[in-house]
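Here is the structure we will look at, set down as structure tokens.
The values are calculated or read from the model by the stated rules, or taken from the named source; none is laboratory data. Fair warning: this is a prediction, and the values are worked out from it, not measured in the lab. In this analysis, Cβ positions are derived from the backbone assuming ideal geometry, glycine residues included, and neighbour counts consider all displayed protein chains.
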Amino acid sequence: MATSASAVLSKAVKQQYMDLPQGNKVQAMYIWIDGSGEGLRCKTRTLNYEPKSAQDFPEWNFDGSSTDQSEGSNSDMYLVPVTMFRDPFRKDPNKLVLCEVLKYNRKPAETNLRHTCSKVMSMVEGQRPWFGMEQEYTLLGTDGHPFGWPSNGFPGPQGPYYCGVGADKAYGRDIVEAHYRACLYAGVDICGTNAEVMPAQWEFQVGPSEGINMGDHLWVARFILHRVCEDFGVVASFDPKPIPGNWNGAGCHTNFSTKEMREEGGLTAIEEAIERLAKRHTYHIRAYDPKGGLDNARRLTGHHETSSIHEFSAGVANRGASIRIPRAVGQEKKGYFEDRRPSANCDPYVVTESLVRTCLLKEEGDAPVEYNK
Amino acid sequence: MESVSGSSQLNKTLRRHYLDLPQWGKCQVTYIWIDSSGEGLRNKTRTLDAEPQSIADIPEWSATGFNQKHSDLYLIPVWMFRDPFTMDPNKLVLCEVLKYDRVPAESNHRTSCKKVMEAAEEHCVWFGMEQEYTLLGMDGYPYCWPKNGFPRPQGPYHCGVGADNVYGRDIMECHYKACLYAGVKICGTNAETMPSQGSSVWEFQVGPCEGIAMADHLWVARFILHRVCEDFGVIATLDPKPMVGDWNGAGCHTNVSTKKMREEGGLQYIEQAIEKLSVRHEEHIRVYDPRGGEDNKRRLTGRHRTANINKFLSGVADRGASVRIPGQVGHDGCGYFEDRRPSANCDPYSVTEAIVRTCLLDAEAGDI
């Protein structure tokens with residue numbers, strides 16, 4: 001079976017070392033997004049005190065030429081801590097801290113899309129934008145083949161796997177359970193999990209999170225997933241169409257609401273928002289995967305519960321539409337809506353920012369507006 | 001071992017590390033429901049901010065059906081159990097399924113079963129169901145059988161060469177403990193290996209349960225079985241005849257009694273009930289498996305301790321009968337009777353409802 005060599009190292013031995021007391025020292029693991037806009041990096045330092053929030057962590061730096069973020073000749077980049085979590089791998093008092101990356105000249109790095117997102121969110125704070133994102137992913141062995149699939153072929157066709165139970169239906173549940181608990185421990189707003197339609201494909205949901213928190217919590221949830229998979233010796237892929245053909249792709253359906261939408265008669269605000277989105281389909285498609293729409297082109301075919309990438313559509317309880325209004329929302333005339341277009345490997349900062357720009361800041365046209373701030 | 005799943009080889013010490021992490025008062029609730037096949041179980045999990053004290057604290061949820069036009073289904077929590085996999089304070093919640101228009105889904109037989117049980121409440125009907133199942137490897141072959149053939153016809157009780165009874169017992173033991181932890185009314189287990197055959201059929205019994213509780217507890221016991229087998233990397237099948245030929249099938253013998261049957265002189269009520277069953281044999285056969293009787297045709301042959309599907313037979317201590325009165329009951333003059341017809345993959349809602357309708361309510365289907 002294609003699991004990594006690391007996975008075979010004795011976890012009982014590891015436990016012995018991990019149980020050693022550490023005095024008043026605290027291990028702080030700094031996490032950041034690398035030059036690809038999809039990959040995560042991390043490194044650790046010792047602190048002499050237990051930080052209570054992100055502000056208690058010192059800034060740090062790293063070699064950007066090794067993460068595809070700068071030239072070797074001028075490679076120092078800055079890590080600015082922004083959100084702190086407990087560390088589910090090393091446990092209390094140790095911490096994980098998510099960081100923004102700045103270039104040598106203190107400007108945001110190319111793939112630091114949090115910076116603008118944060119500004120946009122602060123412009124609409126009063127509207128209380130809430131998000132919930134449904135992160136789908138596929139488990140692969142170290143050979144790149146989906147985990148649990150027969151080595152020279154394919155499992156039976158889709159049907160029995162969605163929310164399934166049993167060794168022939170659910171592949172890799174240990175990882176899902178471990179990830180869920182690790183996120184709860186860390187303080188990530190994880191609100192659910194389920195097995196997905198393709199075997200070895202799973203989903204977890206993060207939210208409801210307000211404003212900038214959505215992107216922060218989802219990125220850390222992704223980091224925790226990669227670390228848990230690393231421990232078990234398998235790989236999590238956010239590729240939006242890992243297996244071509246009659247197999248589901250992987251998305252990141254994004255649920256969105258404002259205070260107005262959640263209150264009585266909020267359906268009107270929801271419908272207005274959807275009308276604005278209908279006029280800006282191209283802009284959103286470009287924002288919804290890290291390759292300007294090229295990744296999603298493999299996934300949004302109009303089949304396998306997706307809408308076609310070429311057309312915008314919306315409907316109540318319609319899983320073949322770009323935007324779905326849940327049936328309960330249609331009946332209660334308030335609530336939220338679901339944008340089903342974002343790809344599994346999207347940047348949640350960009351996705352949430354674009355929804356706010358179009359629906360709340362009422363932008364139009366293909367390009368985002370530059371606000372002076 | 002190729003016949004166990006890849007997942008089962010993932011490191012369980014590592015898993016223990018994660019599952020031991022505190023969750024700071026949050027509660028994971030796993031919703032369980034029966035899918036459109038009427039046999040399959042589905043589940044998904046959500047976080048609640050606090051431990052629910054009862055079913056009333058657990059919100060409705062929705063799930064995806066596969067009807068593209070009306071895909072939303074509603075999951076209505078009906079019974080809460082402790083979660084033996086991620087443990088306290090987490091819960092398993094059995095749900096009824098409603099369609100988008102809040103009408104029971106086709107495979108939701110609980111709604112009508114509940115009405116029937118309520119109509120018969122005064123009788124205090126108790127059930128006990130004996131769930132048989134077969135263990136298969138990932139290759140679909142019975143778990144302890146040799147790769148390219150069959151066990152010896154004159155083999156021992158234990159499973160065949162290479163594997164041994166211990167694997168089967170591990171699953172039984174773990175399932176039993178998990179059910180006890182969860183609060184499922186599991187009352188016993190036994191191996192169902194027949195001498196001179198190597199069939200790996202096992203059995204557990206759930207009960208005594210009153211009314212609707214029987215089916216609720218049995219469905220959750222089945223879910224727990226599938227999850228335990230998933231952990232071990234093998235498969236439990238409830239197919240009534242997984243191996244064609246001279247091998248055991250798998251049933252779900254259903255024991256039934258009312259207050260009157262359990263009291264002194266109760267035998268007359270048992271005999272009356274059996275009389276009523278005898279004239280509605282075909283109607284019962286139709287609901288004793290999920291395919292209107294087609295599945296049971298492969299099992300109820302008249303051999304291997306079954307009654308032939310085309311005949312209704314009853315008798316004291318007769319395991320070749322459709323309905324058996326246990327010898328002790330015949331001796332004591334009161335107790336219960338055993339309907340041996342239901343298939344292992346039956347829907348216990350349908351089975352218990354049919355028995356109550358026929359024996360106690362004298363009602364035709366659709367009357368209530």
field: Within the stretch A:1-73, strands (runs of 3 or more DSSP E) holding 1 or more residues that are under 30 Å from A:Ala287 (Cα atoms) and either among the aliphatic types (A, V, I, L, M) or touching a Cys at 6+ places or on another chain (Cβ under 6 Å) (or both)
entry: A:26-33, A:40-47
task: Residue by residue through the stretch B:81-125, note down the ones that are within 17 Å of the chain's Cα centre (by Cα) and not acidic (Asp, Glu).
output: B:Phe81, B:Leu92, B:Val93, B:Leu94, B:Cys95, B:Ser107, B:Asn108, B:His109, B:Arg110, B:Cys113
statement: Filter the stretch A:1-58 for residues that are among the hydroxyl-bearing types (Ser, Thr, Tyr) and free of Cβ contacts under 8 Å to residues at least 24 places away in the same chain; the one that is nearest to A:Val234 (Cα to Cα) is A:Ser10
message: I'm told A:Asp168 meets every condition in (1) among the acidic types (Asp, Glu); (2) in contact with a strand residue (DSSP E or B) (Cβ under 9 Å, 6 or more places away or on another chain); (3) away from chain B (no Cβ under 14 Å) except one. Can you identify the failing condition by its number?
response: (3)
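Rundown of residues vs (1) in contact (Cβ under 8 Å) with a residue 60 or more places away in the chain; (2) facing chain A (nearest Cβ under 7 Å); (3) out of contact with any His (no Cβ under 9 Å at 6 or more places or on another chain), yes/no style:
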residue: B:Ser7; (1), (2), (3): yes, yes, yes
residue: B:Pro22; (1), (2), (3): no, yes, yes
residue: B:Glu51; (1), (2), (3): no, no, yes
residue: B:Ser54; (1), (2), (3): no, no, yes
- request: Give the residues of the stretch A:272-298 that are among the acidic types (Asp, Glu) and surrounded by 17 or more Cβ atoms within 10 Å (Cβ to Cβ), sorted by residue number.
  value: A:Asp289, A:Asp295
message: Given the criterion away from chain B (no Cβ under 14 Å), over 23 Å from A:Val206 (Cβ atoms) and either out of contact with any helix residue (DSSP H, G or I) (no Cβ under 7 Å at 6 or more places or on another chain) or not charged (D, E, K, R) (or both), identify the matching residue among A:Phe131, A:Phe154.
response: A:Phe154
statement: Exactly one of A:Val82, A:Val97, A:Val101 is surrounded by fewer than 20 Cβ atoms within 10 Å (Cβ to Cβ), away from chain B (no Cβ under 14 Å) and in a strand (DSSP E or B), and that residue is A:Val82
- request: Examine the stretch A:38-48 for a residue that is surrounded by 14 or more Cβ atoms within 10 Å (Cβ to Cβ), more than 17 Å from A:Leu98 (Cβ to Cβ) and not aliphatic (A, V, I, L, M), and state whether such a residue exists.
  value: no
task: Please enumerate the residues belonging to the stretch A:202-248 that are touching a helix residue (DSSP H, G or I) at 6+ places or on another chain (Cβ under 6 Å) and of a type in the set (Ser, Thr, Tyr).
output: A:Ser209
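Hey, could you check the stretch A:177-209 for residues that are among the hydrophobic types (A, V, I, L, M, F, W, C) and farther than 19 Å from A:Phe85 by Cβ and say which is farthest from the other protein chains (Cβ to nearest Cβ)?
If we take residues in the stretch A:177-209 being among the hydrophobic types (A, V, I, L, M, F, W, C) and farther than 19 Å from A:Phe85 by Cβ, then A:Met198 is farthest from the other protein chains (Cβ to nearest Cβ).
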query: Among the strands (runs of 3 or more DSSP E) contained in the stretch B:21-72, which hold 2 or more residues that are hydroxyl-bearing (Ser, Thr, Tyr) and under 27 Å from the mean Cα position of the chain (by Cα)?
result: B:27-34, B:61-64
- prompt: Looking at (1) in contact with a Cys (Cβ under 8 Å, 6 or more places away or on another chain); (2) free of Cβ contacts under 8 Å to residues at least 40 places away in the same chain, which is the only condition A:Gly192 fails?
  reply: (1)
- line: Reported set for the stretch B:314-330 where residues are assigned to a loop (DSSP other than H, G, I, E, B) and at pLDDT 90 or above is B:Ser322, B:Pro326
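Okay, residues lined up against (1) surrounded by fewer than 22 Cβ atoms within 10 Å (Cβ to Cβ); (2) under 21 Å from B:Gly183 (Cα atoms):
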site: B:Ser8; (1), (2): yes, no
site: B:His17; (1), (2): yes, no
site: B:Pro22; (1), (2): yes, no
site: B:Val29; (1), (2): no, yes
site: B:Ala50; (1), (2): yes, yes
site: B:Ser62; (1), (2): yes, no
site: B:Gly65; (1), (2): yes, no
site: B:Val78; (1), (2): yes, yes
site: B:Asp88; (1), (2): yes, yes
- line: Scanning the stretch A:249-281 residue by residue, those more than 18 Å from A:Ser307 (Cβ to Cβ), touching a helix residue (DSSP H, G or I) at 6+ places or on another chain (Cβ under 7 Å) and assigned to a loop (DSSP other than H, G, I, E, B) turn out to be A:Thr258, A:Gly266
field: Residue ID - surrounded by the fewest Cβ atoms within 10 Å (Cβ to Cβ), chosen from residues in the stretch A:299-323 that are over 19 Å from A:Met198 (Cβ atoms) and among the polar types (S, T, N, Q)
entry: A:Ser308
field: Only one of B:Lys26, B:Lys44 that is at the interface with chain A (Cβ under 8 Å from one of its Cβ atoms), within 29 Å of A:Pro150 (Cβ to Cβ) and at pLDDT 95 or above
entry: B:Lys44
- prompt: Residues of the stretch B:306-324 being closer than 25 Å to B:Met261 by Cβ, surrounded by 16 or more Cβ atoms within 10 Å (Cβ to Cβ) and within 22 Å of the chain's Cα centre (by Cα), which ones?
  reply: B:Thr306, B:Ala307, B:Ala321, B:Ser322, B:Val323, B:Arg324
- prompt: Could we say that A:Ser66 is surrounded by fewer than 17 Cβ atoms within 10 Å (Cβ to Cβ) and more than 30 Å from B:Val234 (Cα to Cα) here?
  reply: yes
B:Tyr31 vs. criteria hydroxyl-bearing (Ser, Thr, Tyr) and facing chain A (nearest Cβ under 8 Å): no
